[in-house]
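**Student:** Have a look at this one before I ask anything.
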Number of protein chains: 2
Amino acid sequence: MVARIREKHDGALAGRMDIRVLLRLLSCSMTIEKRLRRRFIDQFDTTLPRFDVLAALERQPEGVTMSDLSRALLVSNGNVTALVRQLESDGYVSSRAAPDDRRRSIVALTERGRDHFADLATAHHQWIANMFAGMSPNDLTALYGLLATLKASIGAEHEESA
Amino acid sequence: MVARIREKHDGALAGRMDIRVLLRLLSCSMTIEKRLRRRFIDQFDTTLPRFDVLAALERQPEGVTMSDLSRALLVSNGNVTALVRQLESDGYVSSRAAPDDRRRSIVALTERGRDHFADLATAHHQWIANMFAGMSPNDLTALYGLLATLKASIGAEHEESA
DNA sequence: ACCATTTGCTTTAGGCCTAAAGCAAATGGA
DNA sequence: TCCATTTGCTTTAGGCCTAAAGCAAATGGT
């Protein structure tokens, strides 16, 4: 009913453009994430969050603290604890107390973890490449730029509420 | 190490563009979702998934089946059961057996549910508008189009694996 | 009419996630 | 030195989500 009235007013642009963009954005993210999640389980018996932890560690061969990890992954501190424990018991990750501050844990990939991650990353890269195969380099660059604009816009909204 | 080598090869385009776009896409989605989630809890003591159910029902005044809902929301069937039960016990949603097929539940908003949703939707619209305030109409249109391209690309990848 | 199959939903086990409370180590002012 | 505060991490309670098993109603071939 409401939708029908709106159509008469804005024609093809029925519905608010910002919400339409948001719904499409979330739909793309969800679909990609679900697909990656399923393939990680089916083909490697692991999960996307575990992969994310390994990927974050691979970028920091020196090791990082739990807090660093939770900031990098945008997940809560308690959550990181559980993920690292799992990876540790699988032998993919090592965890030692920082020499200067015994509260801090320095987490790093083990040799075995690096090998494991290399396998996962190869498949992951291939899956992404396939999912983005329909986008030209120009499309990718343009999308990258617009997402930067959006990210800035979102950030600005956060600031102004202070 | 690997990253440093790659930089020498592709310069500013270091790293694969598809992955960079993906990371930025996921980052935007995550940030928006987290913020909406938090505001729904803080200001209305409800959750984003519950809002999503109400929104889906609002679009179908005649009511829909559980399976319709789970398809529309891209979540599993069992999950919808729990969400609808909650909303039902809050009096926002009614559920009756379909006259022609007693397995099927027809779920619809109650009067109270419509009122409640109207409040939520007003706030939701405002939040979205603020988060997208930094994007021009041209930006929105361009982003909308590129996301359509991406969605199609993702869909095509799914087909070819058959 | 019978019954195997399919379809719609619910239940269960288990993983991810958060907020908030709790614990231990570090810090810094009195 | 003492101790209140801060900081880093873990634990707990609880919500979302899925896959898979289970149950009941509908369907269709015989």
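**Student:** Looking at B:SER70, B:SER76 in this structure, which one is near DNA strand C (Cβ under 9 Å from one of its atoms), surrounded by 15 or more Cβ atoms within 10 Å (Cβ to Cβ), of a type in the set (Gly, Ala, Ser) and within 14 Å of another protein chain (Cβ to nearest Cβ)?
**Tutor:** Only one candidate qualifies: B:SER70.
**Student:** Would you be able to tell me the number of residues in the stretch A:75-97 that are under 12 Å from A:THR110 (Cα atoms) and near DNA strand D (Cβ under 9 Å from one of its atoms)?
**Tutor:** Matching residues across the stretch A:75-97 total 1.
**Student:** Look through B:HIS124, B:HIS158 and report the one residue that is closer than 30 Å to A:TYR144 by Cα and loosely packed, with under 15 Cβ neighbours inside 10 Å.
**Tutor:** Exactly one residue qualifies, and that residue is B:HIS158.
**Student:** Collect the residues in the stretch A:49-67 that are surrounded by fewer than 16 Cβ atoms within 10 Å (Cβ to Cβ) and over 12 Å from A:LEU109 (Cα atoms), keeping them in residue-number order.
**Tutor:** The answer is A:SER67, and nothing else.
**Student:** Of the residues in the stretch A:98-111, how many are surrounded by 13 or more Cβ atoms within 10 Å (Cβ to Cβ) and over 20 Å from the mean Cα position of the chain (by Cα)?
**Tutor:** So the answer is 4.
**Student:** If I filter the stretch A:12-46 down to residues being away from chain B (no Cβ under 12 Å) and more than 15 Å from A:TRP127 (Cα to Cα), which single residue comes out as surrounded by the fewest Cβ atoms within 10 Å (Cβ to Cβ)?
**Tutor:** A:ASP45
**Student:** Next question, about the same structure. Give the residues of the stretch A:100-122 that are more than 13 Å from chain B (Cβ to nearest Cβ) and among the small types (Gly, Ala, Ser), sorted by residue number.
**Tutor:** Answer for the stretch A:100-122, where residues must be more than 13 Å from chain B (Cβ to nearest Cβ) and among the small types (Gly, Ala, Ser): A:SER105, A:ALA108, A:GLY113.
Only the coordinates and a few stated rules stand behind these numbers; no lab work does. All values reported here derive from a predicted model rather than from experimental measurement. Neighbour counts run over all protein chains shown; Cβ positions are idealised from the backbone, glycine included.
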